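Student: Have a look at this one.
The values are calculated or read from the model by the stated rules, or taken from the named source; none is laboratory data. The model shown is predicted, which means the values in this text are computed figures rather than measured ones. Backbone-built Cβ (ideal geometry, glycine too); neighbour counts: all protein chains shown.
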2 protein chains.
Amino acid sequence: MGISDRKEREREELRDRILVAAKALFLEKGFEKTSIRNIADRIEYSPGIIYHYFRDKNEIFHALHQGGFLQLMERMKVLTSVRNPMERLKAMGSIYVEFALENPDMYDLMFIKEAPIDHVFNSEHDQWKEGGGTFNYLRSTIDDCIREGHFSGHDSEALSYLIWSTVHGMVSLSIRKRCEVVLPIRQDKIVVDGLEEFFKILDRL
Amino acid sequence: MGISDRKEREREELRDRILVAAKALFLEKGFEKTSIRNIADRIEYSPGIIYHYFRDKNEIFHALHQGGFLQLMERMKVLTSVRNPMERLKAMGSIYVEFALENPDMYDLMFIKEAPIDHVFNSEHDQWKEGGGTFNYLRSTIDDCIREGHFSGHDSEALSYLIWSTVHGMVSLSIRKRCEVVLPIRQDKIVVDGLEEFFKILDRL
DNA sequence: AAAAGTAATTAAACAGTGTTTAAAAAGTCT
DNA sequence: AGACTTTTTAAACACTGTTTAATTACTTTT
């Protein structure tokens, strides 16, 4: 049936347009301040139509959420070419921070915003599994470092969490504007500077 | 004038009741989901009254925000009795994490939530100055550590930011429920475990 | 004690929100 | 061309933060 094929295609097209509009608006004005009517306006449809493609506003959030993980994972792919595990670990940190600073709103969406957890985490084929995959990759990289004699006396899982937290902490304080006041001068450089200090520490472990 | 004294007292009493109600509701259902009408209901006044005590909803947020910093600073006072700067630094981390885990919603309010920055930071006699004071105390503690031969080759400001970020990262990932999925088993222990790993690292610097 | 003046409090309205409903329009099939 | 589906919409519901003018309560003055 050619017709239902086209219908299916058109359906997906509109779904995509909703997502594109929603993403643009979320990144423009934030999740909370973007209304269903705003999204509908932008794609020149009535608000109601959106509920034929997403159960509610959170499901739109969820869809974008998944896209963010795909983006981040894409960037992580170059790490396979870094053989030295300590170098790989540091490169991972750089990529993570770079991604966060270049896509602050997407990062916010993925790691900071309090999302209706049911929607974000409960579904089966969830990209958080991939997010977890990224975490597991961090863990296995750290395991590799341990095998090479680094981080002796550490628990790899807790250490992984610590290291993830360190980069997350720096970018999230920056994104949520908690350093502008405390560090009035070097606002924009502080995350990169902090990461540098972090690398200095890692080099000694 | 006894009468205007009483009036002043009554005014402050009602202001307090609004704050108490708002805090309870914020911690119950979150900032976004708490409405002015909810707060008014709880104190058995009409919604309009709240605008005679606070310019808008954000100013209520702001008032609570300040209270949080006072609480945290209160806890930090015991640190003056810890002479060894490295021990003081670690104790500071413990207090910070303890405060965050015991008052997750207040911590959220203080360090995670995106607040209307104008209100939160622009006022003169702002508790963020005290928050900044806490950060400066961290910095001076780290300076003390450096004077004792620790952290050689590090920039103290960037290092302070890094260390703050580390503890902030751990508690904020926990508060915003990003570890439940990645670390399904040790959810509640992971922050404390991570802090332990952090201390192990600090002991070597 | 009664009138005047001031401060505290409210009801009502405005423009916006997410979401649901039933009706209308458009497209497809017999 | 008429019956049947799907897509789309307008309208409504119960909320939201905030502002306004009106009302009530209280204090001061006469």
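Student: Kindly list the number of the only condition in (1) part of a helix (DSSP H, G or I); (2) modelled with pLDDT of 95 or more that fails for B:His150.
Tutor: In the conditions (1) part of a helix (DSSP H, G or I); (2) modelled with pLDDT of 95 or more, B:His150 misses (1) alone.
Student: Of everything in the stretch A:46-78 that's assigned to a loop (DSSP other than H, G, I, E, B) and surrounded by 17 or more Cβ atoms within 10 Å (Cβ to Cβ), which residue is farthest from DNA strand D (Cβ to nearest atom)?
Tutor: So the residue we want is A:Phe54.
Student: A:Thr80 passes all but one of (1) at pLDDT below 95; (2) within 14 Å of DNA strand C (Cβ to nearest atom); which number fails?
Tutor: Result: A:Thr80 fails condition (2) only.
Student: Being under 17 Å from the mean Cα position of the chain (by Cα) and either facing chain A (nearest Cβ under 10 Å) or modelled with pLDDT of 95 or more (or both) narrows it down to one residue among B:Glu74, B:Glu130, B:Glu114, B:Glu87; which is it?
Tutor: Of the residues listed, the single one that is under 17 Å from the mean Cα position of the chain (by Cα) and either facing chain A (nearest Cβ under 10 Å) or modelled with pLDDT of 95 or more (or both) is B:Glu114.
Student: Quick one: how many residues across the stretch A:147-195 are loosely packed, with under 15 Cβ neighbours inside 10 Å, over 17 Å from B:Gly169 (Cβ atoms) and either touching a Lys or Arg at 6+ places or on another chain (Cβ under 6 Å) or within 7 Å of chain B (Cβ to nearest Cβ) (or both)?
Tutor: Of the residues in that region, 1 qualify.
Student: Something else: Could you tell me whether any residue of the stretch B:79-101 is over 30 Å from B:Glu148 (Cα atoms), surrounded by 14 or more Cβ atoms within 10 Å (Cβ to Cβ), in the same structural domain as B:Leu173 (by TED's automatic domain parsing) and in contact (Cβ under 8 Å) with a residue 24 or more places away in the chain?
Tutor: Within the stretch B:79-101, one or more residues are over 30 Å from B:Glu148 (Cα atoms), surrounded by 14 or more Cβ atoms within 10 Å (Cβ to Cβ), in the same structural domain as B:Leu173 (by TED's automatic domain parsing) and in contact (Cβ under 8 Å) with a residue 24 or more places away in the chain.
Student: Would it be correct to say that A:Phe26 is in a helix (DSSP H, G or I) and within 13 Å of DNA strand C (Cβ to nearest atom)?
Tutor: Answer is yes for this residue.
Student: Within the stretch A:9-22, identify whether any single residue is near DNA strand C (Cβ under 10 Å from one of its atoms), surrounded by fewer than 18 Cβ atoms within 10 Å (Cβ to Cβ) and outside any helix (DSSP H, G or I), and answer yes or no.
Tutor: no
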